[in-house]
1. For A:Leu380, B:Leu155, what ranking results if the residue with the fewest other Cβ atoms within 10 Å of its Cβ goes first?
2. Relative to the longest principal axis of chain B, what angle (0 to 90°, nearest 10) does the C-alpha long axis of helix B:14-34 take?
3. In chain C, if the dipole is taken from +1 on Lys/Arg beta carbons and -1 on Asp/Glu beta carbons about the Cα centre, which of C:Leu58, C:Gln42, C:Ser104 is farthest to the positive end?
4. Farthest toward the dipole's positive end in the range B:14-185, which of B:Ala59, B:Ser103, B:Ala23, given Cβ charges of +1 (Lys, Arg) and -1 (Asp, Glu) about the Cα centre?
5. Can you say what percent of the DSSP beta bridges in the protein assembly as shown, counting only those with both residues inside, are antiparallel? Round to 5.
6. Each label point is 7 Å from the Cα along the Cα-to-Cβ direction; what then is the distance between the points at B:Ile164 and C:Thr154, in nm?
7. When the scattering of the range A:236-322 is computed by the Debye formula from its Cα atoms alone, each counted once and equally, what is log10 I(q)/I(0) at q = 0.11, 0.23 Å⁻¹?
8. Between A:Glu146 and C:Glu146, with labels modelled 7 Å along Cα→Cβ, what's the label distance in nm to one decimal, could you check?
Amino acid sequence: MPSSVTAPEGQLSRRDKFRAYMQASNPTAPALQMIEAGLVCEELHHYLFRNLAGRADLEPGSQQLLVGGVGSGKTTELILAERWLANQGHVLPLYVDTSAETDLSSLNSGALLASFGLHLGRWLSNGAGTHIETEELKRSTKESYEKVKRYAYGKNELVLKDEDALRIENVVNQAWDVLGPRFSVQKVPGKLKPPLPPLNRDVQEVRAALEGLLAATKEVHKDVVFVFDGLDRLLDPTKFWSVVHQDLRVLRELKVSVIATAPLSVLFGAGVGQSISDHFDRVHHLAVIATDPENALLRSVLEKRRSAELLNGLLTDSICHYSGGVLRDLISLARDAAEEAYVSERDSITATDIEKVAHQLGTGYLRGLGPEALNALLHLESSKSFDLSQPSNVELLITRRVLEYSSTDFRVHPALLSVIPRPEPKRA
Amino acid sequence: MAGPDGTGRFGVTVERARQRAVALDSNTDRQLAEHRLDAPGKVFSEIRAFLLRRAGGMATRNDPYQLLKFRQEHGLEVIVLGPPVDKGPTPQHFHFDSGARLSFGLTLREVERGSQVVSFRYHYAFPDGRSPHFLRFDLNDGPHTDPLAEPRCHLHPGIDDVRIPFSVHNPIEILDRIFFVLERAT
Amino acid sequence: MPEFSTQPFFEVARRLEIRGETGWLAVLAPVTDPTAALDQLQTELQSILQKPARVIQLEPSTFEELSGDLHQPDDDAVILSSGTGLAQEKWRSLDVMRSALERSGPVILWLSPGDVANLTEHAPNIRSFIGGSIFLAGPDGGIMTETERQERLTELSQHFRLTGEEVVRKAEAKELPLEPEFVEWLVLMGRGDLV
């Protein structure tokens, strides 16, 4: 079926206008797509991506962590950093969203190294390797890549059954069809095939192969920067550390700069601090954007996304307020308000639309909160104090019911605050 | 070429015309018997989606959610938009940017693997001052005794007593002609 | 306790359509006959978005299965059904793999009412993608009201100068005109057996 009837020349139909706005205000669009479309405010976090990239470039083997809540713009900063590095010309930035490639929840140590090796090997195989001059290096590069692949994906090995184990020297050279049923095929699992029980394999096993690939890379580029995204999905900090601990150590030894994301729980809550400084040279906290009196920063985000076509000034402030400064919530509210106006047959966004979508967002945050959590939120609102030693409070932070504007400034998400049931006032 | 009856050529008498009209109606019956649409609920959904899309690209406001209605009983579903008989513009019509308006009714019978068309009427009224005043596509519930004057499936070219044979169409195909041919020419 | 907005399925589909046939949202299944409701949602999505709509059960799909299913193809509409509800651990796993679930076509989470809390508690990354787009399944509309039915019957009577009883008698005697208006008339009177 054809799409909408073409509007008279010179006149954008109502549907076309809303469609264009929606496409620019898509909170789930891939970050790279939004960057390439020019819809991202690079100065939003004071050009943090340049700090990340600059340090990674100048200090090979440095390790930096980018920590932020859900929807704070971490991926955008990482991709901006990757692009900045690529533009320098002498660095190979490798951006990998590990969570897109493999099941992080069953990940174990060595997996990040495997992922790194695969991406590096793939890059060398896809044309970059043609710049390698010596045949010896080409051959060893290929071997290294094969080793990494086996490490990553596992292999099939012939394994003798019990009673034949002692005859291995004689048997190993005989044909399969002679041996037949005395052999079984045992799959030796790799690092990236879920679900598997954790393997206790030394990550040093893959180090030599990675060194081989890095040697080839140095023929083409001097240094590699590995940008790991997705690790912030490991909301449980113990899981995060179990995955990164050994791998990051090896990468540092290999002089590969690392920029990685991490969940908020590594920054807040019990038992933090020491572990971070042991592993990372710099930790950057992507805090929630505080609303200044003019909402200037948040407004700039919406203006980049063509908000002026359907939103006036006061209404923009309302959206900024209800977002609490969470970037994805900001863009979601702007999009949802337009959607509400569209299905209600209005030509632009009204205050009613914004109230409705803020109510929806707040109701979503409200679900699942028990009386204790509600009390904690109301206590935060009234006293401005928030005890991070309480795991339940860290949970509120991770699930974005509470927003962190700095290490000491915590507030209830405004959309949630607007729908929290208040206790009945006590009668005198 | 015209010639006497029985010579293998088309006859010019009204009796021969009626015979040909009967044959045409039989063909229509056969097409209808073979013609299968989706389940009535899905047809309703498709028509509404079509109208929603078209309405979204028009300057004139129409709300297909409010305009399009159905009623089911005895395995039959009636889908209607606008009044049963067009006597002038009403808020229940679908209004076009040209000033034209549309009303229609479609009756489906639920059968195995979907539904069959029992009857339909699509009345497209041109803007005031245009000639013809309207076009109406009708499918009757059965053959008329005089299929020459009233073929089972026919088009009224602006005159109630004139009916030109029309072939069996899917409801969306008729709406296609109304929205993308008639309206664009208006 | 505040409640989510109720939306008929075609409106849910319409929202996805104006978004550019992309995006995430959640629909809470009705308590009565959720299977028929899911079927209806699928129908509306296909009609309005003009693309296929598939249902994928979240349980017991693995990472590889889900990742594969969601990208083959990548651009149709997919309804991810949580059935009668998912365990907390499953929600956490899904949340961790959110990047692997991202696609160009729309994703609709079909949730049991109790699962919204689990979504927010244990899958904050997915919840962030959904934002405030959580809707209660509402009646789909289109059913002719009794008032509307009576109005149509009155119009038909006045135009053709016949009462309903006369129409029925003529239909029984096989003397009723064959025009489509009379077919509709019989159905509206509850006498579709005479058609």
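We did not get these values from a lab; they are worked out from the coordinates using the rules stated. As the structure is a prediction and not an experimental result, all values here were calculated from the model. Please note: Cβ atoms are built from the backbone with ideal geometry, for glycine as well, and neighbour counts cover all protein chains shown.
1. Ascending number of Cβ neighbours within 10 Å: B:Leu155, A:Leu380.
2. Orientation of helix B:14-34: about 50 degrees from the principal axis.
3. C:Ser104
4. So the residue furthest toward the plus end is B:Ala59.
5. DSSP beta bridges in the protein assembly as shown are roughly 50 percent antiparallel.
6. 3.8 nm
7. -0.53, -1.06
8. In this crude spin-label approximation the distance works out to 8.2 nm.
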